[in-house]
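To start, the structure under review is shown below, and the notes come after it.
The values are calculated or read from the model by the stated rules, or taken from the named source; none is laboratory data. Just so you know, these numbers come straight off a predicted model, no measurement behind them. To get the accessible areas, we keep the full protein, side chains included, count just its heavy atoms, and leave off ligands, DNA and RNA. Shrake-Rupley method; radii C 1.70, N 1.55, O 1.52, S 1.80 Å.
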Amino acid sequence: MICPKCESEYIDGITECPDCKTELVTKEEFEGNLVHPEDWIIIHTTDHNYLAEMYRANLKGAEIESLIWGQKDSSFPAPGDLSIIKILVKKEDAERALEIIEEINKTEVGEDDEE
């Protein structure tokens, strides 16, 4: 048995982690819920955090799990933000996720104001 919060292992018969007070799960159940890098694919990159968060919110609304991976290098001696932010989804959701992002990008800012 394993605590899904602190990842401590316990012998059979223990049902709750004494440290976290979290219900224990079997090793198979724990490993089945791990995030494996090979299960994910980068579907979009941006240099604006607000865009990444907007895309993620829309994907969540479509019940698509996503991750945002940002890399900041504060030691790079240049003005501005040169970091690239990547949006990842599970491979099986990639096609739907790309459709959602493409639809968002088709909509022009202020388009509703013209009507």
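The table that follows gives values for the structure above.
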read-out	value
Rh (Kirkwood; distinct C-alpha pairs) - region 7-46, Å	12.7
Protein accessible area in region 1-74, 1.4 Å probe - carbon and sulfur %	49
Added length on full extension, which subtracts the Cα-Cα distance from 0.36 nm per residue, ASN58 to THR107	16.3 nm
Probe 1.4 Å - accessible area at LEU67, Å² to nearest ten	60
